[in-house]
Amino acid sequence: MPKHLFRNALTAFGLAFLVTTTAVEAQLRDVVSKEVAVGRSEATLRLELSGNGTLEITFEDGMVLIDGESVGVFEPGDQLEAAWWSLLGQARSLDDGELALMLSDWSVPAELAGELADLAQEVDRALEDALSSFDVTVRSDDATVSMSIGDEGSLLQLLLNSTSRLGLMQQALSGLGGDFALHIDEDVDVPEGTTVDGTLVVIQGNVRIGGEVDGDVVVVDGTLELLERSRVRGAVRLADARLVRNLGTVDDGLLYLLDEERVLETEIRREIREELQDELRSQLRRELREVTRLEFSDDDDGFSLMAPFRSVFRGVGELFKNLISILVLGLLGAGAVAFAGTKVDTIAETARSAPGRSAMVGLAGSLLLIPVWILGAIALSVSIIGIPVAVVWLPLFPLAACAAGVMGYLAVARNTGEWLADSEYPWTGWIRKSNHIYTIFGGLFGLMFAYMAANVVSIVPFLGFLAGLLVFAGSIVTFFAIQIGFGAVILTRAGKRPEWSTPYDADAAWEEAMEGDIEDVEADVEGATAEAQGDDDDA
Amino acid sequence: MTTMRKALSVAVIMAAVVAPTLLAAQSWRDVTMSRQIEDNREVRVLVEYAAGRLTVRPTAEGLLYSMNLHYDEDRFEPVADFSGDRLRLGVESIGRSFNVGRGKQSGELDLELARGIPMELDLEFGAVRADIDLGGLALTALDLSTGASQSTIDISEPNSVVMSAARFEIGAAEFEVRHLGNLNAEFIEVDAGVGQVTLDFTGRWQRDARVSIDMGLGALELRIPEGLGVRLRKDGFLVSLDSEGLVKRGGAYYSLDWDDADRKITIDLDAAFGSVVVEWVR
């Protein structure tokens with residue numbers, strides 16, 4: 001199609017629409033969803049229409065509302081309300097095309113007069129405006145332009161508002177040839193498996209392509225989404241439009257076009273961005289100078305020769321503290337394994353098989369610790385027999401809680417160590433999974449790794465932020481490890497109740513691994529053995 | 001036992017739900033909603049319904065769903081939310097106070113869902129008399145949880161797609177599922193609290209399946225079609241098992257034709273304080 005035909009069709013379309021209405025074919029929109037609600041004093045019809053159209057008409061407490069705005073009043077029980085109820089009664093049983101046809105065919109009942117008739121006219125107009133869409137086909141000798149317009153209002157609005165954008169539109173449409181499908185103010189969906197022949201032009205609408213377009217795609221003032229396996233055999237032109245997803249194939253590439261106003265705006269934004277960047281750079285330089293100056297200055301009175309090594313001493317010292325902590329905790333863990341190995345096993349298994357529940361129980365237990373401690377002391381203090389017990393209760397309860405926390409943490413460390421032993425991370429080869437003391441020490445190194453990394457990183461200048469992040473990560477890990485472990489201790493009553501633990505089931509693991517039935521396998525093996533024996537006997 | 005605790009808690013919750021329902025002042029509203037099918041992508045459907053009568057069945061082609069609701073507008077509001085691949089239907093409480101001494105009716109929800117559209121279906125209902133027919137739906141997963149209900153679930157026609165898992169979580173209920181074979185499921189899990197549960201394993205079995213039943217206090221009836229290979233592994237406390245037609249080998253009960261059956265199901269049963277009856281269906 002010659003390009004002038006299309007441009008002429010677009011720019012003259014407003015006039016053509018008014019003058020040659022015979023070229024315009026009114027069609028009914030699809031009803032995507034409907035809602036008919038009838039209550040004590042309310043009767044509502046809600047429609048969702050193709051092309052993102054909606055309509056809501058409500059008769060409620062003597063008022064008629066169209067899309068939330070009051071358009072008139074009626075008397076409950078009058079003829080207009082009766083007609084509306086009758087319409088809704090029919091709407092309940094119809095869908096899509098039949099429903100749209102019935103609603104658009106509805107007209108003002110003859111028995112209505114005066115204000116009620118005017119109000120009914122409003123309702124009728126709202127239904128027709130919402131349900132009608134306009135399709136236009138302009139034919140020339142060698143090409144066809146088919147147009148689809150959301151509603152009359154959108155077309156007129158487009159024409160009135162587009163004078164400043166005609167240049168942009170002309171730019172977007174220049175050089176296009178062949179057949180066009182033009183959509184104005186409506187969304188377009190090209191589902192997977194379908195093909196649009198010719199160029200697709202969408203103005204003020206969103207386009208979603210899952211299939212193919214055998215031509216160019218032009219989007220003006222909208223968005224374009226290219227789904228997986230979609231294909232545009234021509235070019236994509238986005239005029240004042242946005243590409244929200246690009247998973248498809250565009251044979252002739254993408255072209256962004258902006259109107260002058262937008263170009264100016266982009267230019268201003270670019271200048272502002274550059275100014276901001278310059279300002280930030282200079283501020284950063286100032287701060288760096290300041291930090292460097294502080295690093296080399298003494299806390300009290302300026303420069304110190306030891307200042308450059310202070311961060312090294314601090315980092316190494318903290319690292320040493322963490323290593324001592326691991327050693328102490330590891331020795332405690334070794335003691336626990338030696339004297340209460342079964343209980344540690346139960347707690348660790350529970351923490352492993354029900355970590356979420358354990359964490360929740362641990363969190364709840366932590367929150368309740370202080371209230372229980374205080375209430376327990378009060379309850380014991382009200383009786384003479386209880387007073388000596390309260391004296392023991394006050395120091396022993398916090399100690400027991402701490403012991404439970406440490407025990408839980410060590411159980412989680414053991415699980416972590418086992419996990420590290422199975423992993424192929426460097427420097428984990430020394431962890432022997434069969435020895436719980438190794439796994440506890442390995443797990444402690446794992447759980448406190450972030451802290452130790454933070455100690456090392458803090459030695460390097462200007463990496464304070466990274467060190468802070470690592471400390472934060474270490475705190476999170478420690479918090480959850482303690483909560484899970486503490487919860488597992490509570491759930492198992494300090495390792496006495498194994499309900500929540502699920503010991504390793506060799507049969508189940510084998511079945512799962514083989515995706516078969518171990519008994520069937522055993523039977524097969526037995527059968528094979530018997531057969532082999534039979535063969536031997538025969539021999 | 002966890003299921004017993006769950007059953008008791010469900011019973012208490014249901015009592016809290018049902019009592020106000022019976023006593024509340026009611027202002028009834030009727031709503032009809034429907035939506036067209038726009039494409040054939042899989043949809044995740046969540047249906048929530050607290051109290052009343054619930055009917056679910058397949059609908060005619062062309063509609064993704066069609067729903068008729070009769071509900072108390074002072075206490076509930078309808079939900080029909082479709083965004084992305086999620087469809088949420090039913091009613092939700094608006095938490096208003098109740099007036100005591102009025103109210104005779106109960107709410108109703110009639111729901112029809114599209115045939116042929118792949119669906120993950122999640123049904124959650126409370127004090128409900130449910131009559132649900134899922135036959136003909138293309139279900140990729142099913143999750144059904146109910147409180148104090150009297151429910152009949154029927155899969156009257158075979159599921160056209162493979163279902164990864166079907167889960168039934170039942171509080172205190174009289175619960176019957178018919179034609180479980182038509183579910184085309186690889187794994188079926190039933191977690192029941194208190195009540196009478198009937199599981200009918202008839203239907204067209206297209207694959208072997210695993211069934212896990214965790215039953216609290218109550219009676220469990222297993223209706224098994226002849227010709228279906230069954231292995232039943234039982235674990236429980238004070239449970240009587242009427243295992244007619246099953247022979248015990250090792251730690252499990254087997255149907256007589258277990259070795260020759262074309263389709264086999266393995267039932268893992270964990271129950272307490274109840275009876276389990278196996279009934280063979282010709």
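The values are calculated or read from the model by the stated rules, or taken from the named source; none is laboratory data. This one's a predicted model, so the numbers in the text were calculated from it and none came from an experiment. Here the Cβ is made from the backbone with ideal geometry for all residues, glycine too, and neighbour counts use every protein chain on show.
A few comments on the model shown:
- Against the list (1) exposed (fewer than 10 other Cβ atoms within 10 Å of the Cβ); (2) part of a helix (DSSP H, G or I); (3) at pLDDT below 60, the condition A:Phe465 fails is (3).
- Only residues that are within 12 Å of B:Asn184 (Cα to Cα) and of a type in the set (Ser, Thr, Tyr) were counted across the range B:118-155, and they come to 1.
- Looking across the range B:112-151 at every residue that is at pLDDT 90 or above and of a type in the set (Val, Ile, Thr), the one that is nearest to the chain's Cα centre (by Cα) is identified as B:Ile132.
- Filter pass, B:Gly107 being over 17 Å from A:Val32 (Cβ atoms) and either within 14 Å of chain A (Cβ to nearest Cβ) or touching a Ser or Thr at 6+ places or on another chain (Cβ under 9 Å) (or both): yes
- Taken as a whole, the structure leaves B:Phe98 outside the set of residues that are outside any loop (DSSP other than H, G, I, E, B), out of contact with any Gly (no Cβ under 7 Å at 6 or more places or on another chain) and either within 11 Å of chain A (Cβ to nearest Cβ) or modelled with pLDDT under 90 (or both).
- Conditions (1) out of contact with any Ser or Thr (no Cβ under 8 Å at 6 or more places or on another chain); (2) farther than 27 Å from B:Tyr65 by Cα: number failed by B:Thr146: (2)
- Residues satisfying the stated conditions in the range B:233-258, i.e. within 14 Å of another protein chain (Cβ to nearest Cβ) and touching a residue at least 12 places away in the same chain (Cβ under 8 Å): B:Arg233, B:Asp235, B:Phe237, B:Gly251, B:Ala252, B:Tyr253, B:Tyr254, B:Trp258
- Sole residue being at pLDDT 90 or above, within 14 Å of chain A (Cβ to nearest Cβ) and exposed (fewer than 15 other Cβ atoms within 10 Å of the Cβ), chosen from B:Asp81, B:Asp30, B:Asp39: B:Asp81
- Of A:Gly442, A:Gly376, A:Gly429, all but one fail to be part of a helix (DSSP H, G or I), farther than 21 Å from A:Ala481 by Cβ and not hydrophobic (A, V, I, L, M, F, W, C); the exception is A:Gly376.
- Test: residue in the range B:251-259 that is under 22 Å from B:Asp143 (Cα atoms), out of contact with any Pro (no Cβ under 9 Å at 6 or more places or on another chain) and outside any strand (DSSP E or B): no
- Apart from one condition, A:Phe296 fits all of (1) surrounded by fewer than 10 Cβ atoms within 10 Å (Cβ to Cβ); (2) of a type in the set (Phe, Trp, Tyr); (3) at pLDDT below 70; the exception is (1).
- Test: A:Ile476 is surrounded by 15 or more Cβ atoms within 10 Å (Cβ to Cβ), among the hydrophobic types (A, V, I, L, M, F, W, C) and at pLDDT 60 or above: no
- Any chance B:Val190 is without any contact (Cβ under 8 Å) to a residue 40 or more places away in the chain and in a strand (DSSP E or B): yes
- Taking the listed residues B:Asp208, B:Asp214, B:Asp154, B:Asp200, the one that is at pLDDT 95 or above and over 20 Å from B:Ala114 (Cα atoms) is B:Asp200, with no other qualifying.
- Residue match in the range A:31-42 (condition: within 13 Å of chain B (Cβ to nearest Cβ), in contact with a strand residue (DSSP E or B) (Cβ under 6 Å, 6 or more places away or on another chain), acidic (Asp, Glu) and surrounded by fewer than 16 Cβ atoms within 10 Å (Cβ to Cβ)): yes
- Hits in the range A:199-240 (condition: part of a strand (DSSP E or B), farther than 15 Å from A:Leu257 by Cα and not basic (Lys, Arg)): A:Thr199, A:Leu200, A:Val207, A:Ile209, A:Glu212, A:Val213, A:Asp214, A:Glu225, A:Leu226, A:Val232
- The condition of being small (Gly, Ala, Ser), touching a helix residue (DSSP H, G or I) at 6+ places or on another chain (Cβ under 6 Å) and in a helix (DSSP H, G or I) does not hold for A:Ala338.
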